[in-house]
Amino acid sequence: MILCPRTTSNYCGGDFAVSFASVVNSLTFLFTGDDSVQSLSVEAFLGAATLGTLTVFGDGVTGTAQLVNLAAFGDLDRIVVTGASKDPAGYGYDDFTFQLAGTIPEPSSWALMIGGFGLVGMAMRRRSARVAFS
């Protein structure tokens, strides 16, 4: 399903903001519908701090999906997209992908790690001391 911010003239030309319920990283998405080569600005935020702005230029072909990659900004919780109103027909946005930041390993992962450390410890303990004879 394509995200299409509607304006009063009923086209996808509006600026918009996306807020995530949790902090995310490795955010990417596609934009399409550009029939001009105008720029689109995407600002990344973590709380009130601005992490940076990425400027993406349209290629003038409405059917081309272009990647917006915000992975370099690291953890973020909000983006603001501006400049879409410069394009006569506006843009559509799709395929938002991201990872939740600071995820905690599953209990089964913890059990495997602890079991592995236990086996290494047992192996080290079972080593017999070598005695050197002269």
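If we count every other residue with Cβ under 13 angstrom of VAL61's Cβ, Lys/Arg +1 and Asp/Glu -1, where does the sum land? Please report the intermediate quantities before stating the final value.
Numbers: positive: none; negative: ASP34, ASP35, ASP59, ASP87.
Net of charged neighbours comes to -4.
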Practice item. Compute from the Cα atoms of the range 16-126 the Rg and the Dmax, the latter being the longest Cα-Cα distance, and quote both in angstrom. Key: 20.9, 75
Review point. Considering amide H positions built from the backbone, and no H for Pro or chain starts, which residues 5 or more places from PHE16, or on another chain, come under 5 Å of its amide H?
Key: VAL81
Check your understanding: Amide H to amide H under 5 Å from THR64: which residues, 5+ apart in sequence or cross-chain, H placed 1.01 Å off N in plane?
Key -> GLY33
Practice item. Work out, step by step, the length gained on full extension between THR64 and PHE20: first 0.36 nm times the residue separation, then minus their alpha carbon distance; give nm to one decimal. Key: 13.2 nm
Check your understanding: What's the local net charge at LEU30, with K and R +1, D and E -1, over the other residues with C-beta under 10 Å away?
Key -> -2
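Where a number appears in this text, it was derived from the coordinates with a stated rule and is not lab data. Quantities reported herein were computed from a predicted structural model and do not represent experimental measurements. As a convention, Cβ positions derive from the backbone with ideal geometry for all residues, glycine included, and neighbour counts pool all protein chains shown.
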